Structure formats: structure tokens, C-alpha cells
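These notes concern the structure reproduced below.
The values are calculated or read from the model by the stated rules, or taken from the named source; none is laboratory data. These figures come from a predicted structure and were not determined experimentally. Here the Cβ positions follow ideal geometry from the backbone for every residue, glycine too, while neighbour counts run over all protein chains shown. Quick note on the areas: whole protein, heavy atoms, side chains included, nothing else; ligands and nucleic acids left out. Shrake-Rupley method; radii C 1.70, N 1.55, O 1.52, S 1.80 Å.
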Amino acid sequence: MKPEKSTSKLLEVKKAQEIIFSNFSNLNSIDLPLIDSQNYVLSKDIFAPFNLPEKDNSAMDGFAIKYKDIIDNKITELKVVGRVGAENKSEAYLNKGQAIRIMTGGEIPKGADSVVPFENTDSGPMRGLNYPKKVTINTPVNLGDNIREAGLDYKKGSLVLKAGHLLNPPSLGVLASFGINNVPVIRKPVISVISTGNEVVMPGDERKPGQIYDSNSFIISSAIKESGGEVNLLNIVGDRKEDIESAILSCRNSDLIISIGGVSKGDFDLIKDVLLEKGEINFWGINMKPGKPLAFGRLNLEGENVFQIGLPGNPVSAYVCFELFVRPIILKMMGANDIMRKKIKAKLTNDITNTDGRRMYTRVKVLEENNEFIAEIYNNQNSNILSSLVFADGLAICPEDCKVIKSGDETEVILLEG
Ligand code: AMP
Ligand code: MG
């Protein structure tokens, strides 16, 4: 067999992202119980079914009064004509010289326009059914004080959460406040992960001389979960075409297949062969470092069309490629509006030298000093160096056409967290 020639031109990162992203769109909508909906993306706009709060209510435990009584009529001792708890509907009407005991959240009685907290009166909390029928106001309040207006938070009919919103704890609280117990969300994509390599074994399994433990399955599976996807992790597959093919076939119902390793130019790198045999390669090779040998293609698995991304086997390459190409499509399938990581500008602590015109993603730790960001570069940037990933919370970019970025100069950094 002839050795493979490397004549194919490497694709620019931006172009590769465009191609991959354009092949994915949001998945179907499902209804989930509110309690299970965290980290899903809303599939429909949610409008307020009623005002929140629904009624004008008290912000304090105290007395609902007429402001005029105290300021204009100079009445300091008011007759207490009722009591409203947080759960009560207020039936009473307040006449001149009267007050109603009211607890936080209680509906403001008709005729009242302000609430005087207990602290400003001669009264305090009372247990039981009885309470004093008079109250002295020691310190007045301003007109309207301590009243939470109906609809102040959300007006009936207003947009509460937009489709595409990632449901976080506060958004679950808002939905709960409107009594919404079934939430329309986009289902999560199921991503199959297949680690390949004769030398790779699972932690916990017996390891023969020369073999290494599989770190990629764990990096990539947990990164999928962190992005919001569901993982279908397969057993490690050796470098045998039939084994890779049968593993891939078992993933025909997933939304995406990620293979790891076997995608370079080695004698046992068979992923491209499988893609060609079972479907088509869209592209192979990206003008980036690390991560050059990534392959993207579509498989036809007994009538099911499933996309496959072949990540390189070196753990740093696999992870950087995941960040640039896989995480965004997981978010896209989940229906998120914002699929890209945040970027900042940061000053480098050392030079980045670009020797071969590829777009470089340098592992850095971002620090904030004197109101500017500093990107501390890890001392070993090789694609097998796991400690560089443990160290880093950012990827500093050195563009293709840039030969060197000097220490102290600013460059763009992709933030890997948050
Ligand atoms: P490959 O892309 O299969 O040629 O692998 C490139 C390098 O990454 C080799 O040194 C492999 O041993 C290593 N490698 C491949 N898969 C894994 C894995 N799952 N965990 C850790 N290292 C791996
Ligand atoms: Mg391999």
C-alpha cells in the first residue's frame, strides 16, 4: 500500500466551525416537570399568566394606615380594626383613624395607603388570636412606604423568559412563582463517545506493559455533561476496522458520534477508513495547533444518518477540539442562543512563537491585576501534557498569520469556565 500523501490543504478554524455548526440545529421540544428542568433550554417564550405580585401587599410586619391620618390629621393613636396574614385576602376597609395589623406579604386593605412597621409603633409580634385594639405610631413613614405594588416584578402578559434561555435556579423559581409545573424544553442531545487504541485501557482494568490508561473518555464525557449533553460511553475499541465499525453501528440512534484517536497518519489510524466506508468525510485536517487531525463526516448506519467527529488522541488536542467544535454544537442542539465561550483580551507573560502558520491555542491561566487581565502561559504546551489542561482556564489565541506575540502584548483569550 502506498503511504498517504499530505497534499490536502488544512481548513481554517473558522471555516471548519461554519461547516460543522451548519449541520446541526435544535432538537425537538419535550415537556418536563419543573424540578427536572434545570440546565435545559426553554423551547417556547413564557409570558406572565398573572401579575407578580398578584396584589398590592405589605413589605413589612406592621400596620396598614392612612398616611393622611398621621400627617394631616395628626392622629398618633389609631384604632386597630383587623389583622391580615400573608395568606389572607383583605376584606376590611380602612376608615379615618383606623389601622389594620398586617404581616409581610399580606394584601393591603382598601383605604390604606402606607404601612408602618412594628418598629415605628408601640406594638410588636402577638401570638394567638388576640391583639391590642389600639396602636400608637411613634415614627411616621412616607406615603406609600412598605407597599409592594401588584405587577411590580412581572406584569400580566409580559415576557418572563425567552425561548433559548438556559434554565438556572432563579429561572426555576420564577416559573414556580407562576405555578408552571410543566416546562417546554429542548431535549438533550445524546453523544456517543468511543475511545480507540490498542494501547488504551480503562482505569480499574488490568494494564499490560506499554499500555496507558484512557484519560480522553473521562475528559470528553465530563465535558459533554458539563455542556448539557447526555453521554453514551462505549467500551474502548482496539485499532481494528471491524471493531470500530461495530462500535459505531451500535451508536446509530445517537445525535452525534465522537471517536477519539486513530485519526492521524499512523499505520493504525483507521477512523478515516471507517468514515469513507460507512459514509463520507466532509473534511480532515484543520490549520490549528493542537488539534490538526480532526475529521468530520457523516455516517450512514443502516439507514440512519449520524455525524461523526473524529477527535485526535492526544488529550490536549482532543479537549481543545472539543471546546472549539463540539461544545458549540451541543449547545446548538439544545437550542441555546449563546453557543460560544466568552473571550477577553489579556497580556501575555511570555512570548508565543508560531513556527508553522497554524492557529495556536495556548493553555494559559487568566489573572486580574490592576484592572487588566494577565494570561500566564503554561511552560509545556505539548499536546500530551495533561498538566497544561489542569493548570489552564483559558486558551490564548495566536492567529495563523502572526509569527510571534511578545510577552506583555495583548491577545485574545477564550475563557474555558463560566
Ligand atoms: P492517536 O491519535 O490514536 O494516534 O493517538 C495519539 C496519542 O494519544 C498517542 O500517544 C495515544 O497513546 C494517545 N491516546 C490516544 N487515545 C488516548 C486516550 N483515550 N487516553 C489517553 N491517551 C490517548
Ligand atoms: Mg491510536
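When a/c is below 1.5 the answer is rounded, else prolate if a/b is larger than b/c, else oblate, so apply that to the range 234-332 with a ≥ b ≥ c taken from the square roots of the Cα gyration tensor eigenvalues.
Details: a/c = 1.62, a/b = 1.20, b/c = 1.35.
Because a/c hits 1.5 or more and a/b fails to exceed b/c, the range 234-332 counts as oblate.
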Query raised in the report: Taking a ≥ b ≥ c as the square roots of the eigenvalues of the Cα gyration tensor of the range 343-415, is the shape rounded (a/c under 1.5), prolate (a/b larger than b/c) or oblate?
Result: oblate
Report summary line: Projected onto the charge dipole of the chain (unit charges on the beta-carbon of Lys, Arg, Asp and Glu, signs +1, +1, -1, -1), the Cα from 197, 67, 293 with the largest positive-side position is that of 67
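With the Cα gyration tensor of the range 59-113 giving a ≥ b ≥ c as the square roots of its eigenvalues, does the rule (a/c under 1.5 for rounded; else a/b larger than b/c for prolate; else oblate) give rounded, prolate or oblate? Kindly include the intermediate steps, with their values, before the conclusion.
Details: a/c = 2.18, a/b = 1.85, b/c = 1.17.
Verdict is prolate for the range 59-113.
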Report task. Go ahead and estimate [θ] at 222 nm for the chain from helices alone: -39,500 (n - 2.57) per DSSP H run with n ≥ 4, summed, over the residue count, rounded to 500. Result -> -4500 deg cm²/dmol
Query raised in the report: Toward the positive end of the charge dipole of the range 1-141, about the Cα centre and with charges on Cβ (Lys, Arg +1; Asp, Glu -1), which of 35, 106, 11 goes farthest?
Result: 11
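From the cross-link list 292/332; 155/345; 272/403; 289/347; 208/365, which pairs have alpha carbons spaced over 30 Å apart? Please list the in-between numbers first.
Working: 292/332 23 Å; 155/345 40 Å; 272/403 32 Å; 289/347 20 Å; 208/365 36 Å.
Correct reply: 155/345; 272/403; 208/365.
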Query raised in the report: Cα axis of helix 13-22 to longest principal axis of the chain: angle in degrees, 0 to 90, nearest 10?
Result: 70 degrees
Query - Distance violations [Cα-Cα > 31 Å] among 162/278; 79/156; 265/406; 343/406 - result: 162/278; 79/156; 265/406
Report summary line: Taking only the alpha carbons of the chain, the radius of gyration and the largest Cα-Cα distance, Dmax, both in angstrom, are 31.4, 105
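Among DSSP bridges having both ends in the chain, what percentage is antiparallel? Round to the nearest 5.
On the way: 57 of 83 bridges.
So the antiparallel bridges amount to about 70 percent of the total.
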Query - Added length on full extension, which subtracts the Cα-Cα distance from 0.36 nm per residue, residue 126 to residue 243 - result: 34.5 nm
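Diagonalise the Cα gyration tensor of the range 57-148 and give the resulting equivalent ellipsoid semi-axes, square root of 5 times each eigenvalue, largest first, whole Å.
Semi-axes, largest first: 17, 14, 12 Å.
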Query raised in the report: In percent, how large is the relative contact order of the range 343-415, given Cα pairs closer than 8 Å and 6 or more residues apart?
Result: 47 percent
Query raised in the report: How big is the gap, in Å, between the Cα center of the range 217-279 and the Cα center of the range 65-90?
Result: 72 Å
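Taking a 1.4 Å probe, which of 107, 302 shows the most accessible area, and what order do the others take after it?
Working: 107 25, 302 125 Å².
Order by accessible area, largest first: 302, 107.
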Report task. For residue 96, list the aspartates and glutamates whose Cα falls under 17 Å from its own Cα; do not include residues on the same chain fewer than 8 positions away. Result -> 69, 72, 77, 113
Query - Folded to 0 to 90 degrees: helix 216-227 orientation relative to the chain principal axis, Cα - result: 30 degrees
